[in-house]
Amino acid sequence: MTGTNFIPFHTMMSYLKNSDNLNSSIIYTNIFGNLAAFAPMGFFLPLLFQKLRKFLPFACVMFLTIAVIELAQFITNLGVMDIDDLILNLSGASIAFFLCKLPFLMKIFQRFHWIS
């Protein structure tokens, strides 16, 4: 499937509007798959790179990384270049980033000497 979408939230809204006509597994796979796709980056990048332990540098790196991937899909016409994918991927990475800031997880990271 090839195509493009430059309109934010267009794909997600079309899923919600047409949820009766679409297989719900398609909706869940697209939305939750895109949220989960870059979530590991929200965990690993701050652990591996001290400069990415603050949200703004982390978000900038993630935005650029995901934008390059979406741009590559657009240029090569492989897959679908969708702004909603960028939004969901960045959201998933950000959620994981903030979850890793929870005090009990920070204690675990310190205990295993993943952070000082």
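Test ALA72 against the criterion of being aliphatic (A, V, I, L, M), touching a strand residue (DSSP E or B) at 6+ places or on another chain (Cβ under 9 Å) and either closer than 25 Å to MET13 by Cα or assigned to a helix (DSSP H, G or I) (or both), and give yes or no. Yes; evaluated as a whole, the condition is true for this residue.
Restricting attention to segment 7-39, the residues being farther than 14 Å from LEU88 by Cβ and at pLDDT 90 or above number 1. Which one is nearest to LEU105 (Cα to Cα), of the residues in segment 19-39 that are in a helix (DSSP H, G or I) and in contact (Cβ under 8 Å) with a residue 12 or more places away in the chain? Across segment 19-39, the extreme among qualifying residues is ALA39. Taken together, LEU48, LEU90 contain a single residue that is without any contact (Cβ under 8 Å) to a residue 12 or more places away in the chain, of a type outside the set (Phe, Trp, Tyr) and out of contact with any Cys (no Cβ under 6 Å at 6 or more places or on another chain), which is LEU48.
If only residues of segment 44-90 that are of a type in the set (Gly, Ala, Ser) and surrounded by 14 or more Cβ atoms within 10 Å (Cβ to Cβ) are counted, the one that is farthest from ILE115 (Cα to Cα) is GLY79.
Does LEU56 fit the bill of being over 22 Å from PHE109 (Cα atoms) and at pLDDT 95 or above? Judged against the criteria, LEU56 is not a match.
Among the residues of segment 61-80, the ones that are among the aromatic types (Phe, Trp, Tyr) and at pLDDT below 95 come to 1 in all.
Please determine, by comparing only the residues of segment 14-43 that are crowded, with 16+ Cβ neighbours inside 10 Å and farther than 21 Å from MET81 by Cα, which one is nearest to the chain's Cα centre (by Cα). Filtering segment 14-43 for residues that are crowded, with 16+ Cβ neighbours inside 10 Å and farther than 21 Å from MET81 by Cα, the one nearest to the chain's Cα centre (by Cα) comes out as GLY42. Scanning for something outside any helix (DSSP H, G or I) and touching a Ser or Thr at 6+ places or on another chain (Cβ under 6 Å), does segment 40-62 turn up at least one residue? No, segment 40-62 has no match at all.
The values are calculated or read from the model by the stated rules, or taken from the named source; none is laboratory data. Here the structure is a predicted model, which means the values were calculated and not measured. Positions of Cβ are backbone-derived with ideal geometry, glycine not excepted, and every protein chain shown enters the neighbour counts.
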